[in-house]
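Structure first, commentary second.
Read-outs: derived from the displayed coordinates by stated rules, not from any lab. The structure presented is a predicted model; accordingly, all values stated were derived computationally and were not measured. A quick note on method: Cβ atoms are made from the backbone with ideal geometry, for glycine too, and the neighbour counts reach across all protein chains shown.
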Amino acid sequence: MKKIVLIAAAILGLSLAASAQPKAIGIRGFFEQWQFSYEHYLGDPNFLEIDLGASSYSHNNTGVDIVGTYNFMVWRPDWTPRGDWGMYVGPGVAVGTWYNKESDKSKAYFGLVGQFGLEYTFWFPLQLSVDVRPLIPFGDRDFYFYPALSVRYSF
């Protein structure tokens, strides 16, 4: 019985701690790559970002991927009296697949990513950010580097 009470208390404590952390959900992308984006702050000020998206690298190549990064907030300038600025950088991993219409072949890849960005969280629940994320893939895909704009609802 003690074990059940301890397990229930631990689960309740972890869920309360997780719900107390700031989060943001929205869209991240630019030109041919769009992703649904989720940020979860893991203690002030670092955060985990998970993106699930679709790509169209050319008229012959399409793909889907999931990317996770752990971002370190490296600078919080006080540029405005309202809202919060933040500059972040972090490593991560990507897993995805792409399909070439011309050759009718699908390929999967795994890769390492890095992310560097600048975000602004308004005094109301809106967050805008601009970042770059290079991808170094292992598998059948070329090195990829693209900038992105994110619009997220923060809660």
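The residues neighbouring residue 75, those whose beta-carbon lies less than 15 Å from its own, together hold a net charge of -4 under the Lys/Arg +1, Asp/Glu -1 convention. Normalised by residue count, segment 36-155 yields a Cα convex hull volume of 97 Å³ per residue. Subtracting the Cα-Cα distance of residue 145 and residue 56 from their residue separation scaled by 0.36 nm leaves 30.6 nm. Taking a point 7 Å from the Cα of residue 102 along the Cα-to-Cβ direction, the residues of segment 56-91 with backbone N closer than 16 Å to it are 56-63.
Applying 1/(1 + (r/R0)^6) with r as the Cβ-Cβ distance of residue 122 and residue 95 and R0 = 30 angstrom yields a FRET efficiency of 0.40.
Under 16 Å from a point placed 7 Å out from the Cα of residue 30 along the Cα-to-Cβ direction: which residues of segment 110-127 have their backbone N that close? Answer for segment 110-127: 114-120.
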